[in-house]
Every structure is written in structure tokens, then in C-alpha cells.
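I have placed the structure first, in the form of C-alpha cells, so that the comments after it can refer back to it.
The values are calculated or read from the model by the stated rules, or taken from the named source; none is laboratory data. Since this is a predicted model, take the numbers as computed values, not measurements. Glycine also receives a Cβ, built like all others from the backbone with ideal geometry; neighbour counts cover every protein chain displayed.
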Amino acid sequence: MQVIYKIVFGAFAGLSLMTLVGCALLRPIGTISVQELTDLDTETSRLGMGTDTDLDVTAYVTGWVKAPADILIDQKAPTLPESLKRDQWVPSIAYAVRHPTLGVVILDTGLRAGDCDYGTRPIYWVPCRNTPGSDLVSQLKQTDILPQDIRHIIPSHFHGDHISGLESLLAYADAPLLMTSASLDEVRSRTRFAAGIPSNMLLSDMRVELLDTHWKEDSWLGESYDVFGDGSLKIFQTGGHTDGHLSALVTTRSRTTLLTFDAAHLQANFDLSIPSGSTASHQDAVESLDIIKQLSLNIARLRIVYGHEPTQWVCIEGTTKIDLMSENCEFSNNELE
Ligand SMILES: [Zn+2]
């Protein structure tokens with residue numbers, strides 16, 4: 001009798017899993033139209049602006065997600081300390097980069113408003129915490145950034161903690177997305193859910209501008225794109241965590257800030273040279289950490305803001321309470337500069 005139960009239960013479990021995967025495969029997303037990249041730097045050239053642009057960068061903590069240990073950092077690394085062998089609540093950040101004359105570029109969109117848990121149960125599930133008004137659009141509405149000011153949206157990659165707020169941002173500001181064709185291929189793939197890309201966050205129609213033919217070789221960054229054409233905001237490829245992952249180098253009058261996004265989730269990824277345990281390419285992820293390391297050696301007073309380092313954000317007001325202590329929180333408010 002027990003054998004029959006096992007067979008019936010096994011068949012039921014198998015069918016459920018197949019249904020789940022089938023549903024995930026068939027889930028549609030919005031229409032994606034690819035258009036020519038709008039170079040914002042054309043105006044800059046005309047204005048003759050230099051590299052001392054008075055860029056204004058604001059970071060928004062949109063909430064916190066509970067990230068599995070092996071996604072944050074490779075659990076098999078022999079040098080991994082015990083303290084990093086645990087899941088962690090980590091912040092989900094979005095940035096608004098405002099140029100004095102060329103408008104605003106949004107880097108990542110953070111978590112959506114309301115219920116922000118996501119995933120495909122029981123395969124993976126990401127618990128999330130936010131507070132009313134902590135999503136990007138609600139926070140933008142409290143500033144003087146208007147929808148028409150937003151020229152581009154640049155997702156570092158398309159995991160849920162980075163694009164959860166994309167739908168509401170697209171409803172607020174009709175801006176094109178800048179991305180690589182590697183990211184676009186992942187987004188369009190039927191198996192996107194297997195790469196951690198949630199279809200239900202991509203229901204809006206999107207205008208996409210591809211970076212691939214616009215890269216310029218930079219001695220430190222490799223292939224990079226100068227968003228405003230004056231060196232103030234450069235994005236560059238740091239693949240490995242996902243194909244087509246992007247990081248950003250922001251140069252203001254006072255200093256240069258590297259936004260690693262998930263090329264280094266935590267400061268420990270950087271300090272210990274250990275990439276994420278969940279990568280599209282481990283080798284690419286190691287090479288991306290090397291690029292970051294080289295930048296830190298070559299740029300004076302480089303400030304590195306990691307993708308999800310809790311200690312950099314726990315002292316910021318206006319976010320939900322978290323269960324991690326801060327020893328070296330760098331920011332007294334949510335203004336980077
Ligand atoms: Zn992330």
C-alpha cells in the first residue's frame with residue numbers, strides 16, 4: 001500500500017512541478033520595441049561642458065529583501081568566513097542621477113509598492129520588507145524630478161530586487177531602457193524565470209535602446225558608455241552575476257563613486273575576491289571583481305557602493321527596520337553627494 005502512495009504522490013509532485021514550469025514558460029511579458037539609442041551627449045558637445053559637471057546623485061532605499069547566502073557570496077569558497085554562511089536581509093536601492101542640463105537617468109528601480117515578495121514557489125521565494133512610500137516612484141514624487149525629466153532607465157540587470165519598481169516607473173515616466181543585447185536576450189527568453197527574471201514584473205510595454213554598438217574602449221573600465229558625454233556617468237560591463245550586467249562610475253565635483261550593483265553584492269565579495277555563488281559565468285564574475293579592484297587602485301578616494309551591503313544603509317532614515325547591526329554605515333542621509 002505504501003508503494004502505491006509513493007507512486008501516486010510522486011506522480012502528483014511531478015505533475016505539479018511540470019505545471020509550474022509550464023506556466024512560468026508560457027507567462028507573457030509586455031511588447032518590447034528596440035529603437036536607435038538617443039545620445040544625450042549631442043547637447044553636451046554643443047554646450048561645451050567639461051568633466052566637472054555638477055552631477056546630483058540620490059539613492060533611494062526602496063525596501064529590504066532576504067537574500068540566500070549562496071546568492072550573496074559563493075558558499076564553497078575555502079576562505080569564506082563563518083559569518084557569511086547565512087541568509088541576510090539586504091537593501092534594494094534605486095538611484096536618480098541628475099545632470100544640470102541633460103535631465104535625469106534612473107539606475108535600477110528597486111522594489112515595488114505594497115506586497116513586494118516575489119519568486120516562483122516552491123522553486124525559490126524572496127521575502128521582502130518595505131514601507132508605504134518607500135518605492136521609487138513615491139519617493140520621486142516627493143522631489144522636484146518630473147516624469148519628463150527622466151531620459152533613460154538603466155537596469156543593472158533584471159532580477160526582481162532591481163526591476164520590481166519598473167512597471168510603476170514606466171507608468172510614471174515614458175522613458176526608454178538602456179541595456180545590452182545579452183540582457184535583452186535573457187529578458188526575451190522563454191526560460192527567463194530560470195535566470196531569476198520575473199515575468200510578472202515585465203508586463204508593461206518597453207522601448208529598448210541597445211548599448212552594444214555604442215561601447216567605447218576605456219583603459220580601466222573596458223567597454224564603457226559615457227551616458228552624458230562628459231565623463232560624469234559611465235556605465236560598463238561587469239558580467240558574471242548575469243549576462244549583460246552593468247555597473248556605473250559616477251564622477252561629481254567632489255569625488256568618484258563606483259556603483260557595483262551585483263558585481264559585488266557585499267563588501268566581502270570585494271575584500272575577499274569571492275563572487276556570488278549563483279552566476280551565469282563564474283569566470284566572468286571573477287573578472288568583473290578584478291575590474292573593480294583595479295578601479296579602486298587607480299582612482300584616488302574612490303568610494304565603492306556595493307549592490308546590497310547592509311552596513312552601508314542601515315543608518316538611513318525612512319526605511320523599514322532591519323535585523324542587522326551597522327558598524328560602518330557611511331551615509332547620514334540618502335544623498336550621496
Ligand atoms: Zn540584487
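For the reader, a short list of remarks on this structure follows.
- Checklist (1) within 16 Å of the ligand (Cβ to nearest atom); (2) buried (at least 21 other Cβ atoms within 10 Å of the Cβ) applied to Asp243, failing item: (2)
- Qualifying residue in segment 144-166 (condition: hydroxyl-bearing (Ser, Thr, Tyr), modelled with pLDDT of 95 or more and buried (at least 22 other Cβ atoms within 10 Å of the Cβ)): yes
- Those residues of segment 161-178 which are in contact (Cβ under 8 Å) with a residue 60 or more places away in the chain and within 16 Å of the ligand (Cβ to nearest atom), in sequence order: Asp161, His162, Ser164, Gly165
- Taken over segment 245-298, the criterion of being touching a strand residue (DSSP E or B) at 6+ places or on another chain (Cβ under 8 Å), in a loop (DSSP other than H, G, I, E, B) and more than 13 Å from Asp74 (Cα to Cα) is satisfied by His245, Thr252, Arg255.
- Verdict on Ala59 being at pLDDT 90 or above, in the same structural domain as Thr252 (by TED's automatic domain parsing) and hydrophobic (A, V, I, L, M, F, W, C): no
- Filtering segment 243-264 to residues that are farther than 21 Å from Arg192 by Cα and not hydroxyl-bearing (Ser, Thr, Tyr) leaves Ala248, Leu249, Val250, Arg253, Arg255, Leu258, Leu259, Ala264.
- Filter result for Thr242 (assigned by TED's automatic domain parsing to the domain that holds Ala194, hydroxyl-bearing (Ser, Thr, Tyr), more than 23 Å from Thr53 (Cβ to Cβ) and in contact with a Gly (Cβ under 8 Å, 6 or more places away or on another chain)): yes
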